[in-house]
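The values are calculated or read from the model by the stated rules, or taken from the named source; none is laboratory data. Quantities reported herein were computed from a predicted structural model and do not represent experimental measurements. Neighbour counts run over all protein chains shown; Cβ positions are idealised from the backbone, glycine included. For accessibility, only protein heavy atoms count, side chains too; no ligands or nucleic acids. Shrake-Rupley method; radii C 1.70, N 1.55, O 1.52, S 1.80 Å.
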Amino acid sequence: MFYEKGLNHLKRLVGQSTGNAQCYAVAAVYSGVMRGPDLGAGTYYNEMDPIEGQDVYSASEIGHAYHWDKYGWEVIDNPEYSQLKTGAIVCFERSLALTNTFITHEYYGHCAVVSGLENGLIQTYEQKGELGEIVAEYEREYLGTTSIVSMIIPPFFDGEPTEFIHGQAIIEEE
């Protein structure tokens, strides 16, 4: 699957800090590796082109702050568990008790990249979770549609040419 490139990159970062050491940087690195919009966050991917007037500082609003559709990505607001996709970025609501020991920030919220969906749980790569300012793997409960502000799904690309999507080469007709 196309998203494996990005997930493999994040796996190599486990135990290290990336970007500005905030959760947003994991989404920024993943989006950059996956040829989505640049999200900044102290990463190499800093040529930001946000939607004017949107909140680019809150992890909860990443799905609404950028032109995802220009890159072939899809945004789904308040997804059901059955809609969640491995390889998607999820933006958690503000002040959400993800666990007994971790509550998302009251202003910035929190975000993660989904690495798997097993046993009704969400496996993720995150930074600035319970383990602090390092990239780590977590397993989260799905807390309902109001717990996830949006989910951002990268384009599906299986190697077969389709209509043009950012990052794909145009194939000339002979």
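One table, with the values for the structure above:
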item	result
So Tyr24, is it over 15 Å from Pro154 (Cα atoms) and at pLDDT below 95	no
Answer from Ser82, Ser115, Ser150 - the residue that is over 16 Å from the mean Cα position of the chain (by Cα), small (Gly, Ala, Ser) and either part of a loop (DSSP other than H, G, I, E, B) or modelled with pLDDT of 95 or more (or both)	Ser82
Scope region 115-135; condition touching a strand residue (DSSP E or B) at 6+ places or on another chain (Cβ under 6 Å) and either charged (D, E, K, R) or within 15 Å of His9 (Cβ to Cβ) (or both); matching residues	Ser115, Thr124, Tyr125, Glu126, Gln127, Val135
Single residue of region 40-70 satisfying the filter (assigned to a loop (DSSP other than H, G, I, E, B) and touching a Pro at 6+ places or on another chain (Cβ under 7 Å)) that is farthest from Ile89 (Cα to Cα)	Asp49
Total residues in region 40-82, condition closer than 17 Å to Phe156 by Cα, open to solvent by less than 70 Å² (accessible area, probe 1.4 Å) and of a type outside the set (Ser, Thr, Tyr)	5
Search result, residues across region 11-39 that are outside any loop (DSSP other than H, G, I, E, B) and either buried (at least 24 other Cβ atoms within 10 Å of the Cβ) or basic (Lys, Arg) (or both)	Lys11, Arg12, Cys23, Tyr24, Ala25, Val26, Ala27, Ala28, Val29, Tyr30, Ser31
Residues (crowded, with 19+ Cβ neighbours inside 10 Å and over 17 Å from Gly129 (Cα atoms)) located in region 1-10	Tyr3, Gly6, Leu7
Index of the failed condition, Phe102 passing every other in (1) open to solvent by less than 60 Å² (accessible area, probe 1.4 Å); (2) over 16 Å from Tyr138 (Cα atoms)	(2)
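Residues are listed down the side, and each one gets a yes or a no for (1) in contact (Cβ under 8 Å) with a residue 12 or more places away in the chain; (2) out of contact with any helix residue (DSSP H, G or I) (no Cβ under 7 Å at 6 or more places or on another chain):
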{"position": "Val56", "(1), (2)": "yes, no"}
{"position": "Ser82", "(1), (2)": "no, yes"}
{"position": "Leu96", "(1), (2)": "yes, no"}
{"position": "Thr99", "(1), (2)": "yes, yes"}
{"position": "Val135", "(1), (2)": "yes, no"}
